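Input: a single structure, listed below in structure tokens.
The values are calculated or read from the model by the stated rules, or taken from the named source; none is laboratory data. None of the values given here were measured: they were computed from a predicted structure. No Cβ is skipped: glycine too gets one built from the backbone with ideal geometry, and neighbour counts run over all protein chains shown.
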């Protein structure tokens, strides 16, 4: 009896490590690359900010486009096989990034990383839930989500330390031992067969990713190419066309690239809009802070990472405390409060940011405050998505909501690249304009939260009853 109980306990620990490890790695590599942008600029002096930011946007675009289809692939193949393939590809791709001789190879490696992350993230959650009791599912999901928050908190300081003391390539080398450890751990997980069935719509998925990428390319390169240049207009128009075709395919395909049936709920559409706007505010905010600290205040990468860490910590704490607010007032309260806090901090930055370093008097308090807003907003949009659909649609709803945030983030980084390309080198006004863009995006998220509130309560608790659904 004791031996059996000890074995089950050991398996439970390994399952938790496998699941948490995947969530941690995916978020860590989505955010830690911000610390490498200044160092990449030193190595690739002929590359513009717009070109360097593709190390961020490629990951975000592909991860967003493949998240839902990869979840379906896990159902067909089995979550264990999908996880193993995802973490294996992610580890190999990290090595490709670490040894890349030029930017195109680095971009290719980042794209492969995103494919691996998209496969291992939903599979890791499925493994966790299938190996835990139903009454422990809420706790398991909370632990899995907390791993992402921890990655965001650790990312800035860890990334800054690695870049400053070693090299930006060390950001990818560190994934090798972690990936190998997770591959070794997965062997202890019980084998599960796939449920079979139809595969996701591959052409639709490719069109979705290519369409988002083309629009991001047009927005990011618009200032350099000029907005009336055929390349700019053609990229944006082609992207819009590919997205239209992908969505039309999704309406008819049995296993679509985008689960458009979820959009029958007006509240869910608004939750996705809030998530999109949150991503558009979050991603450029994280990057512009690193650029300002290193380029204007002349912090090294380690100092910049440490300077960003307090905000990440308050974001993690706020995300953990937000459920109390959500239980009492609904997810719209967290969305509106978090977004308005971000907008207020933008005003503070607009009137208080100077070219002279003022960490304790300015950077620290604004960072701590905006972290509170970001944490509340992140939890609010995820909860709004979950509360807007039937419980059996929870995984797909949260996955699509996460994808909306990634797409918003990709376009937000493209907007940053467009703003920062106006003058070379950038001046104080360029950085302030990026923050202004983030503030406008946050206000749009707040407006979505107000619209959610106007449609009435979705249910008594997160993950509860189905909200009103528009038939059609």
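In the list 210, 188, 214, which residue meets the criterion of being in the same structural domain as residue 82 (by TED's automatic domain parsing), in contact (Cβ under 8 Å) with a residue 12 or more places away in the chain and farther than 30 Å from residue 364 by Cα?
Exactly one residue qualifies, and that residue is 188.
From 176, 182, which residue is surrounded by fewer than 20 Cβ atoms within 10 Å (Cβ to Cβ), out of contact with any strand residue (DSSP E or B) (no Cβ under 6 Å at 6 or more places or on another chain), closer than 26 Å to residue 86 by Cβ and at pLDDT 80 or above?
That would be 176, the only listed residue that is surrounded by fewer than 20 Cβ atoms within 10 Å (Cβ to Cβ), out of contact with any strand residue (DSSP E or B) (no Cβ under 6 Å at 6 or more places or on another chain), closer than 26 Å to residue 86 by Cβ and at pLDDT 80 or above.
Is there a residue being under 25 Å from residue 218 (Cα atoms), at pLDDT 85 or above, part of a helix (DSSP H, G or I) and under 19 Å from the mean Cα position of the chain (by Cα) anywhere in region 88-101?
Looking for residues that are under 25 Å from residue 218 (Cα atoms), at pLDDT 85 or above, part of a helix (DSSP H, G or I) and under 19 Å from the mean Cα position of the chain (by Cα), one finds none in region 88-101, hence no.
Is region 340-363 home to any residue that is in a helix (DSSP H, G or I) and modelled with pLDDT under 90?
For region 340-363, residues in a helix (DSSP H, G or I) and modelled with pLDDT under 90: absent.
Is it the case, given these coordinates, that residue 31 is in contact (Cβ under 8 Å) with a residue 40 or more places away in the chain, closer than 22 Å to residue 295 by Cβ, touching a helix residue (DSSP H, G or I) at 6+ places or on another chain (Cβ under 9 Å) and part of a helix (DSSP H, G or I)?
Considered against the rule, which asks whether it is in contact (Cβ under 8 Å) with a residue 40 or more places away in the chain, closer than 22 Å to residue 295 by Cβ, touching a helix residue (DSSP H, G or I) at 6+ places or on another chain (Cβ under 9 Å) and part of a helix (DSSP H, G or I), residue 31 comes out as yes.
A quick yes/no check of all residues on (1) at pLDDT below 75; (2) assigned to a helix (DSSP H, G or I); (3) under 24 Å from residue 211 (Cβ atoms):
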| site | (1), (2), (3) |
| --- | --- |
| 36 | no, yes, no |
| 45 | no, no, no |
| 63 | no, yes, yes |
| 72 | yes, yes, yes |
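Based on this model, can you work out whether residue 263 counts as part of a loop (DSSP other than H, G, I, E, B) and free of Cβ contacts under 8 Å to residues at least 40 places away in the same chain?
No: the conditions fail for residue 263.
Of all residues in region 294-339 being outside any helix (DSSP H, G or I) and crowded, with 18+ Cβ neighbours inside 10 Å, which is nearest to the chain's Cα centre (by Cα)?
Only one residue fits best here, namely 330.
Within region 240-259, how many residues are over 21 Å from the mean Cα position of the chain (by Cα) and assigned to a helix (DSSP H, G or I)?
Selection size over region 240-259: 12.
Hey, residue 99 hits all of (1) closer than 27 Å to residue 54 by Cα; (2) buried (at least 24 other Cβ atoms within 10 Å of the Cβ); (3) touching a residue at least 60 places away in the same chain (Cβ under 8 Å) but one; which does it fall short on?
(2)
If only one of 202, 241 is farther than 21 Å from residue 67 by Cβ and surrounded by fewer than 19 Cβ atoms within 10 Å (Cβ to Cβ), which one is it?
From the options 202, 241, the qualifying one is 241.
From (1) closer than 15 Å to residue 68 by Cβ; (2) in the same structural domain as residue 362 (by TED's automatic domain parsing), pick out the condition that doesn't hold for residue 246.
The failed condition is (2).
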